[in-house]
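The values are calculated or read from the model by the stated rules, or taken from the named source; none is laboratory data. Not measured: the values here are computed from a predicted model. Here Cβ is always computed from backbone atoms with ideal geometry, including for glycine, and neighbour counts include all displayed protein chains.
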Amino acid sequence: MKKRELMKCKLLLIAIVFLIFIYSASAEFNVGGAYTYLASKSVNGSYNNNIIDTSLALLAFDAIGRDASREASYLRSQESEQKCWPKQNCNVKDTAFAIVALSAAGLDMSSEERWLKNAQSAASLSGTWYLEIATSDTGSCKISYEQNNQTVEKEIKITKGFFPECGNTTFFNINKCLVKGVINAMPSLDLDVNCDMLSSVDSVTIMYRAENSFYLVDEESASRAKVTISNGCFGKTAKTACDYESSLYANLALHQIQSTLDTEFYLRQGYDATNPLHNAILFIITGYASYAKELANKQRNSGSWNENVYQTAFGVLALKDSEYAENVENAKKYFERRQLADYSLGNVQDTALTLYAAYADASGLPECFNSEIGLCAKQAGVCEGSYEICSNNTFLGCDDAIYNSFNKSYEAEEITCDEVDNDCDGNVDTGCECIAGEKRPCGLQYGVCNGTIEICSSDGKWPGCDYSKVEGYEESEKNCKDDKDNDCDDTIDFVDDDCSISSICNGDGKCDKKKGEDSNNCPEDCNEEDNCNNGVKDEFEEGPDCGGVCEEPCEITTKDQCNGDGTCDQETESSEFCPDECTCGDNVCDDYELNSENCAEDCEGAAAEAVCGDGTCDAGETAESCAGDCEGAMQQEGGSGTIWYVLLIIAALGVIGYIVYRKKYAKLGKEKKTSWKEETTKSPVFQSLFGDKKEEKTIGKGLLGKSFVSRGKSDVEKELEKSIAEAKKLIGKEK
């Protein structure tokens, strides 16, 4: 019997030693293993597709400086347009956790704060709200507030700090004496207390009384103050009945973003001193030592709070920077014992919260945790969002294969010009001249090249224009008879320098003056008459497009002869009419010099040049130009000959005048006759029968006042002027 008892004792001792060994072996919490477990539960930044799990995972990784952008992106993707979570069915608790996490990551939560403010409900608090005005003066103050988008104002009397219309005490019961139940109707009430009518005011104070405890809510040392009464709470969803847990987490979020909004008085009223979460979160929010003390006292010998990992983690989060360090260490021992073989604490939520609360300051952590996701170095262009997965606690770095697997458009060196940053250097289409497929006109746009374009190649280069593929294109104009600008230089056929003169004539039997054919360069197609409208004096013509082979006679007038080019044209100009251009000694024997034989220097065989004063009336000298030499000669040679010439000219003028009158005005008889009265009342207007010498159209009045258009000189007029000119010459000689 004794042997059996001894054996039992030995076995019991061995079991105790074994348990102690196991406990010692597992005594240290494996932080790296816990993070590895957590990382393995991520699916593109989402943890169980749950807002709270993902928020706590973000907090855990962000606390040790690891990338948590994917978790943040997931949370943003689940946010509603109203700025709450989750977008399918917003609730206060999920929204509060998301705000805490994203705020810790450095993101602005102003819009989310507004959602929380609008989500409040009015709480039915058992305490009383008081207004106190410290003054020694007597008078009145005005109190105003907003209700249903309207301003409500009330004047209250005050006597040296007492309110005679509200119990004659120094405490003004807002919910009774201002408007009955005004606070209970609103979760938050902003009062504008204006005591400027009093000579002096020390302070304006808002207080809350719960049983025998007074709480100073707001105070300002001024005669006019704006004070806020927070009488709100949060339901599980927006504007629903008060829920303590939802209000607790909402206030935690508001504290995290340092908001002035809170529902602290509602939390005080519903506070349960035995609940670790109440003590932990209220201590975090208010910093009141009483909550920390109560929390520490409720810790169990195991180091836990209620043997619950979640509550214990919140207890550590509240006490870790306080005087209760021993309680924190005891809690860590509890975590060590609760860690499972997969290094978790049972689930994502408990593991993430424990890591964030108790091990954010852990040292000696590996570069990464297996399955952890890290962003690649390149995040611009097509590489945006690319990542690598930790292997053997190491990030190997992203190579081209990883970038390419993430986005098939990736290029280690930009070669595709598609308005995309393919090499992820932050620059679009580096080194590209153009965008693949882009079009622009070719450099040559004349002739057969009109409308040609070039298209940017896939390497971002302009390939240049291949004109050889253009129908009819010739690098140098060779086909000079097709009416086309084949070499695209804006010149067609004969105008092109590449075409020789011989190529102008196509021998088709038609004189094509547009192509430049004429009787000179293409006699087989053109005769002399074809030249009579080319604007130049051709062979067989007396003048430009007139005389000779041309039907149009050449009209030579004084003005027409002198072209003003500074040189004497022997065929059209003479020293008689163009003395500025034709002179004796210009080596041009013009018609006047030849006929008058007065310039032997220019005209071979002509008489010696006339010299005035030598006593001889030489050719070219007249009584006007040289009276001393020619006056006597004129008297001798005068006689009846001169008179006959004059009479002959007058007779000729009469005949010509009659002919002109008959030709131009014979039609007047066919016109409608005017009455004698009309004719006698009109003054006749006489115009030159020959009109202006210019060929331009001239509007004038006929002999009977009718309009006519001068069309230039008729043959009769020209003959008349010619006769006058001959008469002048003759008279000059006779003198």
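Tally the residues that are part of a loop (DSSP other than H, G, I, E, B) and either among the aliphatic types (A, V, I, L, M) or in contact with a Leu (Cβ under 7 Å, 6 or more places away or on another chain) (or both), restricting the search to segment 453-464.
Quick first cut of segment 453-464, residues part of a loop (DSSP other than H, G, I, E, B) only: 456-464.
Still in the list and also either among the aliphatic types (A, V, I, L, M) or in contact with a Leu (Cβ under 7 Å, 6 or more places away or on another chain) (or both): none.
Residues that pass the stated criteria total 0.
Among the residues of segment 572-602, count how many are of a type in the set (A, V, I, L, M) and at positive phi.
Within segment 572-602, residues that are of a type in the set (A, V, I, L, M) and at positive phi number 0.
With the requirement that a residue be of a type in the set (A, V, I, L, M, F, W, C), outside any helix (DSSP H, G or I) and under 37 Å from the mean Cα position of the chain (by Cα), what does segment 388-402 give you?
Cys398
Answer yes if at least one residue in segment 377-388 is surrounded by 14 or more Cβ atoms within 10 Å (Cβ to Cβ), over 30 Å from Ser458 (Cβ atoms) and touching a residue at least 60 places away in the same chain (Cβ under 8 Å), and no otherwise.
For segment 377-388, residues surrounded by 14 or more Cβ atoms within 10 Å (Cβ to Cβ), over 30 Å from Ser458 (Cβ atoms) and touching a residue at least 60 places away in the same chain (Cβ under 8 Å): absent.
Counting residues that are farther than 25 Å from Asn49 by Cβ and touching a Gly at 6+ places or on another chain (Cβ under 9 Å), which helices (runs of 4 or more DSSP H) fully inside segment 270-387 reach at least 2?
276-286, 289-297, 325-338
Just to confirm my filter: which strands (runs of 3 or more DSSP E) fall fully inside segment 163-237 and include at least 1 residues that are without any contact (Cβ under 8 Å) to a residue 60 or more places away in the chain?
The strands (runs of 3 or more DSSP E) meeting that bar are 188-194, 213-220, 224-230.
How about segment 187-236: which of its residues are of a type in the set (Val, Ile, Thr) and surrounded by fewer than 23 Cβ atoms within 10 Å (Cβ to Cβ)? Explain how you work it out, then say what you get.
Initial filter on segment 187-236 (of a type in the set (Val, Ile, Thr)): 193, 201, 204-206, 217, 227-229.
Result: Thr205, Val217, Val227, Thr228.
State whether the residues of segment 562-577 include one that is modelled with pLDDT under 70 and either among the charged types (D, E, K, R) or over 17 Å from Asn520 (Cβ atoms) (or both).
Looking for residues that are modelled with pLDDT under 70 and either among the charged types (D, E, K, R) or over 17 Å from Asn520 (Cβ atoms) (or both), one finds none in segment 562-577, hence no.
Per-residue answers, yes or no, for (1) surrounded by 22 or more Cβ atoms within 10 Å (Cβ to Cβ); (2) at positive phi:
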position: Lys293; (1), (2): no, no
position: Asn301; (1), (2): no, no
position: Tyr310; (1), (2): no, no
position: Val316; (1), (2): yes, no
position: Leu319; (1), (2): yes, no
position: Lys333; (1), (2): no, no
position: Glu336; (1), (2): no, no
position: Tyr343; (1), (2): no, yes
